[in-house]
Each structure stands twice: as C-alpha cells, then as structure tokens.
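Quick notes on the structure that follows.
The values are calculated or read from the model by the stated rules, or taken from the named source; none is laboratory data. Remember, predicted model here, so these are calculated numbers, not experimental data. Ideal geometry is used to build each Cβ from the backbone, glycine not excepted, and the neighbour counts take in all protein chains shown.
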Amino acid sequence: MKIGVFDSGIGGMTVLKELKLRFPKEDFFYFGDNANLPYGTKSPDQIKHLAVSAANYISSQKVDALVVACNTASCIAIDEIRKAMGKKTPVFSVVDAGVESVIQNFISSAPILILGTRATVRSHMYAKLIQEKLGAGTQVIEQECPLLVPMIEEAWIGHSILEQTVFEYLKSYQKLPAGVALLACTHYPWIKSTFEKYLPGWMVFDSAIAMGEALTLHFPV
Ligand code: DGL
C-alpha cells in the first residue's frame, strides 16, 4: 500500500514519523507545500485552491489512501480534497482524529482548549465537531497562535522569544481548571514541552499521535 501524506510544509513530518512507526512495511509519499507555506494566514478561498492543486498532484502519484496532516487544509478544504482524490481513495482528516482523542479524554467539568492557526481557529471546525458529539454546552476554547509557525520554521525551538510567545497565548488559561488541550497544528508537536510547561496539570494531545491511532483502527496491522 502507498499512503500519501499532505501538509502545507515540513510540519506534517511529525505525522509521517508516527505513521512510519505504526506501518513500517508500507510505502509513503509525502507532499509538503513549502512553496505556499503558511496556509494558516491565508483566506479560505486561497487555502481551497492550494489544497486542490496539491490533491491533484498527489492523486497523480497513485496513492492508495491520503492522510491530510495539515489541520488548516482539513478544516477549510476537506470536501474539495476528497472530491479531487476521487471516490476510490480514502482520505483521512487530522481533524477527525484530533476530535476523537479529545472526546476520549474529556473531563466533564473542565474546558477543552484547541490551539491552531488563525484559519483553523476561525473555521470553528473543531468546536463544531466536538460540540456535535459532546453537546452544545461543552466548553471549547479556540486560541489562534499565528506567530508560532514562522518561529518553528526558523528552528527557534527553546528560544526565549518563542517561550514568551507561548506564555502570552496561554497565560489566561492557567487560571481555569486544568482540562484537555489539543495541538491542532502539525508544527506544534515540535514544542509540545513548552505548551505543557505553560498549561500545568492539563493533558496536552498532539494530532500526530491521534492520526496514527486513527489510521491503525482503519488499517489494522
Ligand atoms: N500545517 C499547518 C497546520 O497544521 C500549519 C502551517 C501553516 O500555517 O501552513 O495547520
């Protein structure tokens, strides 16, 4: 089997790494649209256009399944990507996997915090899907973190400016009861320990692991 993995850039390597561990015998075709990164600050129309051209290219590589690792593309353009790939190729969205991991670990009296790009957060896709499953009254907070992708791309991991930025994004949540936080961006697993540092007591999940678990359920090994 040949599994395609699509991300807007190198961030999806966190998902690819997880999938390779779980499916060591399969072939992978990774497409990172670095020429057009970042997706997270673009308009929905621009993101759809880029995601469809990426899907058309990946489809020409004859993959048997496609994993859309990019949260932004999954939130904005999953229907268009599925159409471009055709009915015979299953398409897995990282959003579905992330929602599932949040639901499995949900604590009823505590909030759910979704951390993502501006486009992901403004689509409200995570909140919509979580509340559909857990009820409209479920507290889902969505925090956009637009400065993080460029810093991670610059390999500023461990840099004091990145630490300060994560702290600024998270400081108001430190006063809330500790709940479940989802790193809803492929880049964020690189700095998972920084998120954990500023969300003491919270369970922090990453979408790479969630995607690996979802694919294992679909293709048991
Ligand atoms: N890959 C994107 C995501 O997971 C983050 C990078 C971008 O803004 O393109 O949302």
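Candidates in the range 139-191 are the residues that are β-branched (Val, Ile, Thr), closer than 18 Å to residue 205 by Cα and outside any helix (DSSP H, G or I); of these, the one that is nearest to the chain's Cα centre (by Cα) is 186.
If I filter the range 90-128 down to residues being β-branched (Val, Ile, Thr) and assigned to a helix (DSSP H, G or I), which single residue comes out as surrounded by the fewest Cβ atoms within 10 Å (Cβ to Cβ)? Walk me through it before giving the result.
Initial filter on the range 90-128 (β-branched (Val, Ile, Thr)): 91, 94-95, 99, 102-103, 107, 112, 114, 117, 120-121.
Checking the rest, the ones that are also assigned to a helix (DSSP H, G or I) come to 94-95, 99, 102-103, 120-121.
On the way: 94: 29, 95: 27, 99: 27, 102: 27, 103: 15, 120: 27, 121: 25.
For the range 90-128, the residue satisfying everything is 103.
Here residue 5 meets each of (1) surrounded by fewer than 21 Cβ atoms within 10 Å (Cβ to Cβ); (2) within 16 Å of the ligand (Cβ to nearest atom) with one exception, condition (1). Would you be able to say whether some residue in the range 69-81 is under 16 Å from the mean Cα position of the chain (by Cα), hydrophobic (A, V, I, L, M, F, W, C), within 16 Å of the ligand (Cβ to nearest atom) and closer than 16 Å to residue 139 by Cα? No: zero hits. Here residue 152 clears all of (1) within 15 Å of the ligand (Cβ to nearest atom); (2) modelled with pLDDT of 95 or more except the condition numbered (2). Note on the range 73-111: residues that are in contact with a helix residue (DSSP H, G or I) (Cβ under 7 Å, 6 or more places away or on another chain), over 12 Å from residue 6 (Cβ atoms) and among the hydrophobic types (A, V, I, L, M, F, W, C) amount to 8.
Does residue 55 fit the bill of being more than 12 Å from the ligand (Cβ to nearest atom) and crowded, with 17+ Cβ neighbours inside 10 Å? So residue 55 passes the test. Set side by side, the residues 140, 166 differ, and just one is more than 16 Å from the ligand (Cβ to nearest atom) and either hydrophobic (A, V, I, L, M, F, W, C) or out of contact with any Ser or Thr (no Cβ under 7 Å at 6 or more places or on another chain) (or both), which is 140.
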